Structures are given as C-alpha cells and as structure tokens.
1. Beyond 18 Å, what percent of the Cα pairs of the stretch 11-91 remain?
2. Any chance you could run the full-extension gain for residue 60 through residue 345? It's 0.36 nm times the residue separation minus the Cα-Cα distance, nm to one decimal.
3. For residue 135 and residue 49 in one chain, what is 0.36 nm times their gap in residues minus the Cα-Cα distance, to one decimal in nm?
4. Let me have the relative contact order for the stretch 93-173, percent, based on Cα pairs under 8 Å that are six or more residues apart.
5. Once both axes come from the Cα atoms, what is the angle between helix 72-84 and the longest principal axis of the chain, in degrees from 0 to 90, rounded to 10?
6. Assuming 0.36 nm per residue, please report the length gained on full extension of the stretch residue 27 to residue 282 beyond their Cα-Cα distance.
7. How many nm is it between the label spots at residue 313 and residue 73, if each spot is 7 Å from the Cα in line with the beta carbon?
8. Using alpha-carbon pairs under 8 Å, 6+ residues apart, how would you state the relative contact order of the stretch 181-432 in percent?
C-alpha cells in the first residue's frame, strides 16, 4: 500500500547548518557519545562527514561533523555546548574581540571559559590561553590570551566574544586502565584504601620529580581524626609546597598543639576537657599575644603541629576567613577576594592537589584549577566528591574513607623509598598526569 508523504507543514526543517571538527581521544574519553547526545538534545540532526580513529595511545582521533537545527537560537546553544567538548566550527576564522568600556563590566556576549586547555585564533594563529580556569573571560593583551575573572577586567581590555575562533581541548581519559583505575570510575566507598594510598604516594613523588608542587587543602577534620602528625611528616619530607585552609584548621591545630584538645575534646582519649569549650579561644588569644603564628614559633610557644611545621620548613599557608569564624587568628585573611587571589597564586605551580575533608575549600580550589591538574579528594562523605565533580572538576580522583586513617597510611608510604611492588610504573604515572 502506498503511503502519501506528510504535508510539507508537518515535516521538520533544519535550515541552520554548521560543520564542526574535533581531535583527541574521542572514543576513550566518551567525547563522541557526548557530542551526539548534545545534537539530539537540541532537536537537531548530524551527519558524520569524516572520522579517523587513532590507532595508538599517542595518536588522536579526528571527527568532522555536519550539524543542523531548526532555529538559529538552537544552533547557537548547540555550538556553545559542543565547544565544551572540543568541537569548533571549521570555517571559524579569527576570534571576535570586544572592548571593555568600564572596569568589571564585560560585553553581554562574552565567552565564558571551561577548565580545559583552550586555544584562541588570532591573526590566523592558535594561541594557548594562560592561567586556564573555569568561569573566566579571555582577555587578549599584545597577542597573549589570559583567563581572567570578571572582577579583574579593566577598561581598555579586549575580551573574546562569541564562539568563533575558540577551540577547547577536553582532557583525555587514560587508555591504560591500570593507572588510577581504583578511583577513576566514579564515587564509591567500596575500594581498597591501601591501594589508593600507595598510588597517591607514588603520584606525590612523581609530581615532585617533575618539578611541580603538591598543594594540600585541609579542613579541621584533619585534626579531629588524628591527622596532624601524618601531615607534619609529609611537610618534613618535602612533599607539601603549600597549605590552603580556613581559619578553623588553624585554630584547631594550634589548640591541639597548646592544650591537647580540639574543640574542647581531648585528643588522647576523646573525653571532654573541663571548661574545654573555651580552649579554642584561649589558643587564639595566645597567638595574638605572640603577634601571629610565626611569632609563636619564634618564641617557642608553638612547638608542634601543622602550622608549626609550615613555619619551620617555609611552606606557605593561606588561612581564609568566613562569617562563622571565632577570633579569627591574626594570620587569617578576612577579605575573601584577597584570600582567593592568594589561593590562586599558590596553585599556579601545582601538579597535584590533595583535598582533605573540606567541601567548601575543595570546591573553591577545583574552580581555580585547569583540568590537567589532578585532585585527590579524601572524605568520609561521598557527597563531597560528588559535589566537586558536579561543578565541572572532571579530573577529581575520589577516595571515600576516614581522613585520619588515610593520612596515617600515606605518611608511612612516603617516609621512605617506595617498595618495588607498591610503585606505579613510569608509564602509568606519565599517563595519569596527562
């Protein structure tokens, strides 16, 4: 039986078309699937014009795709999402720039960055963005492109607008399934902590061998769970180049060092100290009498603890304040913009970040980092790792366990040379750091 075609008015039309291309490990990193899903989500169509599969770990795959939508608005939104997955228009040309007329005021159609490696086309050449981070604007100055926050814009700056001439290179998932496979498949507590510890220790060593920094982001739970001495050992071993935390970590660390309690609870036996509720204020007061944390160390008032080791070994630390802080400590930075700037400064040389029991500060650090810097997040609460990952920090490696237990095991592994059976191979390490 012959079926007549639908009336022309009922047939979907896709008059808006664009050809995009992408390169990289498109299959291993599931980018190909994401690209197809994006087109379908916006009610569009796609046609694969060319696809070449990389045949080795180093060889990239190539995709050339024609996409079509029914409206111009749908096309623009589709291209925006495709760009985050590394697809860029073939006939893009140079990036469009617009002049900033007032401080902190960008043009309405400014380009907002991801945390992936990004290239901008200027005068026919692809220029890599410096200081890459998510949620930033791309500022062009004398042929160089910088990722800058909105508050850093100044009148006279030129910023990238629209999508033309911008290419995003998503991070590739390691093809070697043994490298960090223990925590590369989502958030779960059903993992061997011992394996996570020894591979984290190997990653820390390799980071230092590459001349990159290991940065610790720590919450007060480090003190509550007995992690002060293990962190102190990591600092003494030269495996910590910066400590980023809130006022609470500093207060509890110093209270423990001076009075043996944390929030009035004796660390030795877990019992409440009589009148211990005032101990954290006594600790803050003592530091003020010494003129600050460094002064307390110099005067031998503070003789142990995480901040003591930081001062003794010249490891920079940033204590960021918050609305709930008591005191705070004289070293605590209560200006949030200044604290954020200092966090970013100490993260620039990072090759690895170890986050320990702090949702707020871990999310903040994740927002500041490019996607090629690994983040190992240790927390007893799986929701912490999930929230950080949901914010776009795809390089997160979650370890769901007690922070104190993890640190104790980690310090044991890094105190001496790694046994042969515990060390990752050089190939595994190099792949995991890409």
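What follows draws every value from the coordinates through simple rules; no lab data is involved. It should be emphasised that the depicted structure is a prediction, and the values quoted were computed from it without experimental measurement. Ideal geometry is used to build each Cβ from the backbone, glycine not excepted, and the neighbour counts take in all protein chains shown.
1. Values: 1166 of 3240 pairs.
Result: 36 percent of Cα pairs exceed 18 Å.
2. 99.3 nm
3. Stretched fully, the residue 135-residue 49 segment lengthens by 27.7 nm.
4. This gives 43 percent for the stretch 93-173.
5. Approximately 50 degrees, to the nearest 10.
6. Details: separation 255, 0.36 × 255 = 91.80 nm, distance 5.79 nm.
Separation in residues times 0.36 nm, less the Cα-Cα distance, equals 86.0 nm.
7. 5.7 nm
8. Details: 449 pairs, mean separation 71.4, N = 252.
Relative contact order for the stretch 181-432 comes out at 28 percent.
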